[in-house]
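A short worksheet on the structure shown next.
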Amino acid sequence: MQKQTVQFSYQVFASLDALSISDQALFAKAQEALVLAHAPYSKFNVGAAAILENGEIIKGSNQENASYPIGICAERVLLSTASTLQSKVPIITMAITYHNERGGNNIPIAPCGMCRQAIAEYESIVNKSMRLILGGATGEVYVIEKAADLLPFGFSGVHLQ
Ligand code: THU
(Lines give C-alpha, C1' and ligand atoms only; values in the text may rest on other atoms or scores of the structure.)
Protein backbone atom coordinates (compact mmCIF):
# COMPACT_ATOMS: atom_id res chain seq x y z
CA MET A 1 0.00 0.00 0.00
CA GLN A 2 1.19 3.46 -0.88
CA LYS A 3 -0.18 6.66 0.44
CA GLN A 4 -0.46 9.52 -2.06
CA THR A 5 -1.10 13.16 -1.29
CA VAL A 6 -2.70 15.80 -3.46
CA GLN A 7 -2.07 19.39 -2.54
CA PHE A 8 -1.94 22.79 -4.13
CA SER A 9 -1.01 26.28 -3.06
CA TYR A 10 -2.90 29.48 -3.56
CA GLN A 11 -2.27 33.09 -2.72
CA VAL A 12 -4.29 34.98 -0.13
CA PHE A 13 -4.46 38.75 -0.43
CA ALA A 14 -5.77 40.75 2.52
CA SER A 15 -8.07 42.81 0.32
CA LEU A 16 -8.77 43.80 -3.27
CA ASP A 17 -6.41 46.75 -2.91
CA ALA A 18 -3.51 44.34 -2.47
CA LEU A 19 -3.98 42.92 -5.98
CA SER A 20 -2.02 44.19 -8.98
CA ILE A 21 -3.68 47.01 -10.92
CA SER A 22 -4.53 44.67 -13.81
CA ASP A 23 -6.10 42.08 -11.48
CA GLN A 24 -8.08 44.84 -9.75
CA ALA A 25 -9.33 46.00 -13.16
CA LEU A 26 -10.45 42.49 -14.11
CA PHE A 27 -12.14 42.04 -10.74
CA ALA A 28 -14.00 45.32 -11.31
CA LYS A 29 -15.35 43.84 -14.56
CA ALA A 30 -16.61 40.80 -12.63
CA GLN A 31 -18.36 43.21 -10.25
CA GLU A 32 -19.93 44.92 -13.27
CA ALA A 33 -21.27 41.55 -14.40
CA LEU A 34 -23.20 41.16 -11.13
CA VAL A 35 -25.95 43.44 -12.41
CA LEU A 36 -26.42 41.17 -15.42
CA ALA A 37 -27.25 38.18 -13.23
CA HIS A 38 -30.78 36.78 -13.26
CA ALA A 39 -31.05 35.31 -9.77
CA PRO A 40 -34.52 36.08 -8.43
CA TYR A 41 -34.77 32.63 -6.79
CA SER A 42 -31.51 32.33 -4.90
CA LYS A 43 -30.94 36.09 -4.62
CA PHE A 44 -27.29 35.17 -5.01
CA ASN A 45 -25.78 37.07 -7.92
CA VAL A 46 -22.52 35.81 -9.35
CA GLY A 47 -20.35 37.81 -11.75
CA ALA A 48 -17.35 36.58 -13.68
CA ALA A 49 -14.95 38.32 -16.02
CA ALA A 50 -12.09 36.85 -18.00
CA ILE A 51 -9.18 38.24 -19.88
CA LEU A 52 -8.45 36.28 -23.03
CA GLU A 53 -5.07 35.66 -24.58
CA ASN A 54 -5.89 38.28 -27.22
CA GLY A 55 -6.47 40.89 -24.48
CA GLU A 56 -10.23 40.98 -24.84
CA ILE A 57 -12.37 40.87 -21.70
CA ILE A 58 -15.63 38.93 -21.55
CA LYS A 59 -18.17 38.61 -18.76
CA GLY A 60 -20.67 36.09 -17.48
CA SER A 61 -23.33 36.05 -14.80
CA ASN A 62 -25.60 33.37 -13.37
CA GLN A 63 -28.92 32.90 -15.15
CA GLU A 64 -31.60 31.14 -13.14
CA ASN A 65 -34.97 29.77 -14.21
CA ALA A 66 -38.32 29.18 -12.51
CA SER A 67 -37.59 25.55 -13.26
CA TYR A 68 -34.60 25.63 -10.92
CA PRO A 69 -32.30 22.98 -12.42
CA ILE A 70 -32.21 24.87 -15.71
CA GLY A 71 -30.16 27.67 -14.15
CA ILE A 72 -26.57 28.09 -15.25
CA CYS A 73 -23.63 29.43 -13.26
CA ALA A 74 -21.74 32.59 -14.19
CA GLU A 75 -18.57 30.65 -14.96
CA ARG A 76 -20.20 28.36 -17.52
CA VAL A 77 -22.04 31.29 -19.12
CA LEU A 78 -18.63 32.91 -19.51
CA LEU A 79 -17.00 29.78 -20.94
CA SER A 80 -19.82 29.36 -23.45
CA THR A 81 -19.43 32.98 -24.47
CA ALA A 82 -15.70 32.52 -24.91
CA SER A 83 -16.23 29.41 -27.01
CA THR A 84 -18.90 31.03 -29.15
CA LEU A 85 -17.39 34.43 -29.71
CA GLN A 86 -13.73 33.63 -29.66
CA SER A 87 -13.50 30.08 -30.91
CA LYS A 88 -11.71 28.63 -27.89
CA VAL A 89 -9.12 31.30 -27.36
CA PRO A 90 -7.14 30.64 -24.16
CA ILE A 91 -8.36 32.38 -21.03
CA ILE A 92 -5.51 33.81 -19.01
CA THR A 93 -7.42 34.77 -15.85
CA MET A 94 -11.02 34.58 -14.66
CA ALA A 95 -12.23 36.74 -11.77
CA ILE A 96 -15.32 35.60 -9.87
CA THR A 97 -17.34 37.55 -7.34
CA TYR A 98 -20.86 37.54 -5.92
CA HIS A 99 -23.52 39.50 -4.11
CA ASN A 100 -25.66 37.62 -1.62
CA GLU A 101 -28.77 39.61 -0.73
CA ARG A 102 -28.84 37.87 2.64
CA GLY A 103 -25.56 39.57 3.54
CA GLY A 104 -22.11 38.28 4.18
CA ASN A 105 -20.25 38.90 0.94
CA ASN A 106 -16.89 39.02 2.68
CA ILE A 107 -15.45 35.59 1.88
CA PRO A 108 -14.37 34.35 -1.56
CA ILE A 109 -16.49 31.76 -3.37
CA ALA A 110 -14.97 29.09 -5.58
CA PRO A 111 -16.56 27.55 -8.68
CA CYS A 112 -19.05 24.74 -8.03
CA GLY A 113 -18.17 21.18 -8.98
CA MET A 114 -19.89 21.33 -12.36
CA CYS A 115 -18.05 24.53 -13.25
CA ARG A 116 -14.73 23.04 -12.14
CA GLN A 117 -15.35 20.21 -14.59
CA ALA A 118 -16.21 22.69 -17.38
CA ILE A 119 -13.19 24.87 -16.62
CA ALA A 120 -10.89 21.82 -16.63
CA GLU A 121 -12.22 20.79 -20.06
CA TYR A 122 -11.71 24.34 -21.36
CA GLU A 123 -8.13 24.36 -20.08
CA SER A 124 -7.52 21.06 -21.78
CA ILE A 125 -9.02 22.18 -25.13
CA VAL A 126 -6.93 25.35 -25.32
CA ASN A 127 -3.97 23.68 -23.64
CA LYS A 128 -3.50 26.51 -21.17
CA SER A 129 -4.02 26.80 -17.44
CA MET A 130 -6.51 29.36 -16.24
CA ARG A 131 -5.76 31.63 -13.32
CA LEU A 132 -8.62 32.38 -10.94
CA ILE A 133 -9.21 35.44 -8.76
CA LEU A 134 -11.88 34.79 -6.13
CA GLY A 135 -13.31 37.43 -3.84
CA GLY A 136 -16.41 38.93 -2.31
CA ALA A 137 -17.33 42.58 -1.97
CA THR A 138 -14.81 42.90 0.85
CA GLY A 139 -12.37 40.67 2.67
CA GLU A 140 -9.62 38.36 1.50
CA VAL A 141 -9.03 37.54 -2.13
CA TYR A 142 -7.68 34.18 -3.28
CA VAL A 143 -5.60 33.73 -6.42
CA ILE A 144 -5.29 30.21 -7.82
CA GLU A 145 -2.74 29.76 -10.59
CA LYS A 146 -4.24 26.66 -12.20
CA ALA A 147 -7.99 26.20 -12.00
CA ALA A 148 -7.56 22.45 -12.66
CA ASP A 149 -5.92 22.20 -9.23
CA LEU A 150 -9.45 22.57 -7.85
CA LEU A 151 -10.44 19.27 -9.45
CA PRO A 152 -8.01 16.52 -8.54
CA PHE A 153 -8.92 13.15 -10.03
CA GLY A 154 -11.11 14.91 -12.57
CA PHE A 155 -12.82 12.87 -15.26
CA SER A 156 -11.70 13.79 -18.77
CA GLY A 157 -11.92 12.77 -22.40
CA VAL A 158 -8.82 10.65 -21.86
CA HIS A 159 -10.92 8.22 -19.86
CA LEU A 160 -13.31 7.78 -22.79
CA GLN A 161 -10.57 6.50 -25.09
N1 THU B 1 -23.50 30.01 -8.78
C2 THU B 1 -22.65 30.47 -9.74
O3 THU B 1 -23.05 31.15 -10.69
N4 THU B 1 -21.34 30.17 -9.63
C5 THU B 1 -20.78 29.48 -8.59
O6 THU B 1 -19.58 29.27 -8.57
C7 THU B 1 -21.63 29.00 -7.50
C8 THU B 1 -23.08 29.20 -7.66
C9 THU B 1 -24.91 30.36 -8.88
C10 THU B 1 -25.87 29.25 -9.17
C11 THU B 1 -27.15 29.82 -8.61
O12 THU B 1 -27.74 30.66 -9.59
C13 THU B 1 -26.71 30.68 -7.44
O14 THU B 1 -25.33 30.93 -7.65
C15 THU B 1 -26.91 30.03 -6.08
O16 THU B 1 -26.36 28.77 -6.06
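Key figures
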| quantity | calculated |
| --- | --- |
| Other-chain or far-sequence residues with amide H under 5 Å of residue 93's (modelled H) | 51, 131 |
| Residue-normalised accessible area of the chain, expressed per residue, 1.4 Å probe, Å² | 56 |
| Share of carbon and sulfur in the accessible heavy-atom surface of the stretch 11-149 [1.4 Å probe, %] | 55 |
| Stretch gain in nm, segment residue 81-residue 128, where the contour uses 0.36 nm per residue and the Cα spacing is subtracted | 15.2 nm |
| Nearby aspartates and glutamates by direct alpha-carbon distance to residue 128 (threshold 19 angstrom, same-chain neighbours under 8 apart not counted) | 23, 53, 56, 75, 145, 149 |
| About the Cα centre, charge dipole magnitude for the chain (Lys/Arg +1, Asp/Glu -1 at Cβ), debye | 280 |
| Residue 101 paired with residue 28, simple spin-label distance in nm, labels 7 Å along Cα-to-beta-carbon | 2.8 |
| Contour minus Cα-Cα distance for residue 11 and residue 36 (0.36 nm per residue) | 6.2 nm |
| Fully extended contour minus Cα-Cα distance, from residue 21 to residue 70, at 0.36 nm per residue | 14.0 nm |
| For the stretch 1-28 and the stretch 38-113, distance of Cα centres in Å | 18 |
| DSSP bridge pairs, the stretch 11-149: antiparallel proportion in percent, nearest 5 | 80 |
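The values are calculated or read from the model by the stated rules, or taken from the named source; none is laboratory data. A quick note: this is a predicted structure, and the numbers were derived from the prediction, not measured. Don't worry about glycine lacking a Cβ; one is built from the backbone with ideal geometry, like all the others, and counts go over all protein chains shown. Heads up: the accessible areas ignore ligands, DNA and RNA and are worked out on the full protein's heavy atoms, side chains in. Shrake-Rupley method; radii C 1.70, N 1.55, O 1.52, S 1.80 Å.
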